[in-house]
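Novice: Input: one structure, supplied below.
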Amino acid sequence: MVSMSKTYFDRVMGAAAFLREKLESATGEAAPQIAMVLGSGLGAAANAVEQPVIVPYAEIPHFPRSTVEGHSGRIVAGPLNGVCVVIMQGRVHYYEGYTPEQVTFPMRVLGALGVRAVVLTNAAGGIKEGYRVGQLVALADHINFTGFNPLVGTNEARFGFRPGSGLRFFDMTEAYSKALRALAREAAQEEGFELDEGVYLALSGPSFETPAEIRAFRTLGATLVGMSTVPETIVARHMGIEVLGISCVTNLAAGLSATRLSHEEVFEAGRQVEDRLARLLERLTPKIAARIRQTAE
């Protein structure tokens, strides 16, 4: 008997069609070209969106639902400083029991909507000496220690929505856009602070790292450690989406502080810095929009 179940690609396109109809009927505009994903304790950055269209993940066909505190689990779309954006207020993680395909399903949907650039934010442990709790750091690169790559399996070339994307083997030399990082540094300076750059090492979680692991990661060149972002970045680059990663240092990594690590600490630190992140994203959005227009010409 031939199975009539939908393929992964079909489910992505179905979710994207549902969201597109919701957004266009409410805003009267085409789907946004800029997306943002807000990590643990950072969801309030979506409050700056004017007259937002809000869609809970639970309403979107096939969309995975956030189960972690600090992840509201909804889409917020609308104008941010005059530019239409779509914001994921919370994400899902591998440690929640989701498969790599499910973890990256939302990013696939954003690609199908027509997103050209995405800002991925996260809460991270600071490994580099001198980092302080509450500091924002742009990602220059990453190290994938999650134990998986979300592209393992049959390559779905139809996810190549733009020329040169959707390839089985593709370049990751510039996983995080140099141009977007430059715009982020410029926006940070306008907000009165310096935006450092770092290397993010991703683990599967959910346990925090041991002091010995942190020492090893520092030797490898990592300056930040966390449990997200990298799978999304890989899939975004597969689709030709430019990526800007921003970590909030919500705790000093194991062995670097006398404080025992906890999710409550991470969540509270995110709450303390989310206003600064919101102002940065609000100032940055028109700059990214201008870049998209320039590269499209």
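The values are calculated or read from the model by the stated rules, or taken from the named source; none is laboratory data. Given the structure is predicted, the values throughout are model-derived calculations rather than measurements. Cβ: placed from backbone, ideal geometry, glycine included. Neighbour counts: every protein chain shown.
Novice: Out of the residues in segment 236-274 that are touching a Gly at 6+ places or on another chain (Cβ under 8 Å) and at pLDDT 95 or above, state the one that is farthest from Q102 (Cα to Cα).
Specialist: Going through the qualifying residues, I end up with S247.
Novice: From (1) at pLDDT below 95; (2) in a loop (DSSP other than H, G, I, E, B), pick out the condition that doesn't hold for F170.
Specialist: The one condition F170 does not meet is (1).
Novice: Further question on the same structure: Could you run through segment 185-208 and say how many residues are outside any loop (DSSP other than H, G, I, E, B) and closer than 18 Å to G226 by Cβ?
Specialist: Residues of segment 185-208 that are outside any loop (DSSP other than H, G, I, E, B), as a first pass: 185-190, 196-203.
Filter again for closer than 18 Å to G226 by Cβ, leaving 196-203.
Summing the residues that are outside any loop (DSSP other than H, G, I, E, B) and closer than 18 Å to G226 by Cβ in segment 185-208 gives 8.
Yes/no per residue for (1) touching a residue at least 12 places away in the same chain (Cβ under 8 Å); (2) buried (at least 24 other Cβ atoms within 10 Å of the Cβ); (3) in a strand (DSSP E or B):
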site	(1), (2), (3)
V85	yes, yes, yes
M88	yes, yes, yes
P106	yes, yes, no
V133	yes, no, no
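Novice: I need the full set of residues from segment 172-182 which are over 21 Å from A123 (Cα atoms) and touching a residue at least 40 places away in the same chain (Cβ under 8 Å), in order please.
Specialist: M172, A179
Novice: Sticking with this one: Looking at (1) surrounded by 18 or more Cβ atoms within 10 Å (Cβ to Cβ); (2) under 19 Å from V249 (Cα atoms); (3) of a type outside the set (K, R), which one does L180 not meet, given that it meets all the others?
Specialist: (2)
Novice: Would you mind finding the one in N144, N149, N155, N122 that is polar (S, T, N, Q), touching a residue at least 40 places away in the same chain (Cβ under 8 Å) and surrounded by fewer than 16 Cβ atoms within 10 Å (Cβ to Cβ)?
Specialist: Criteria check complete, one pass: N149.
Novice: Which condition number does G164 fail, the rest of (1) assigned to a helix (DSSP H, G or I); (2) surrounded by fewer than 14 Cβ atoms within 10 Å (Cβ to Cβ) being met?
Specialist: (1)
Novice: Further question: Is it fair to say F217 is at pLDDT below 95 and either on the phi < 0 side of the Ramachandran plot or assigned to a helix (DSSP H, G or I) (or both)?
Specialist: When the stated conditions are applied, F217 does not pass them.
Novice: So which residues in segment 59-117 are of a type in the set (S, T, Y) and either within 22 Å of K22 (Cα to Cα) or out of contact with any Gly (no Cβ under 8 Å at 6 or more places or on another chain) (or both), if there are any at all?
Specialist: Once the filter is applied, which keeps residues that are of a type in the set (S, T, Y) and either within 22 Å of K22 (Cα to Cα) or out of contact with any Gly (no Cβ under 8 Å at 6 or more places or on another chain) (or both), segment 59-117 yields S66, T67, S72, Y98, T99, T104.
Novice: Restricting the search to segment 194-226, which residues are hydrophobic (A, V, I, L, M, F, W, C), more than 13 Å from G125 (Cα to Cα) and under 22 Å from the mean Cα position of the chain (by Cα)?
Specialist: Passing the criteria: only L195.
Novice: So S207 fits all but one of (1) surrounded by fewer than 17 Cβ atoms within 10 Å (Cβ to Cβ); (2) at negative phi; (3) of a type outside the set (A, V, I, L, M); (4) at pLDDT 95 or above; what number is the exception?
Specialist: So S207 meets the others, but not (4).
Novice: Of L281, L277, which residue is surrounded by 15 or more Cβ atoms within 10 Å (Cβ to Cβ), at negative phi and either at pLDDT 95 or above or of a type in the set (D, E, K, R) (or both)?
Specialist: L281
Novice: For the subset of segment 64-108 comprising residues that are of a type in the set (F, W, Y) and more than 16 Å from the chain's Cα centre (by Cα), which member is modelled with the highest pLDDT?
Specialist: Residues of segment 64-108 of a type in the set (F, W, Y): 94-95, 98, 105.
Those left that are additionally more than 16 Å from the chain's Cα centre (by Cα): 95, 98.
Working: Y95: 93, Y98: 96.
Checked segment 64-108; the qualifying residue modelled with the highest pLDDT is Y98.
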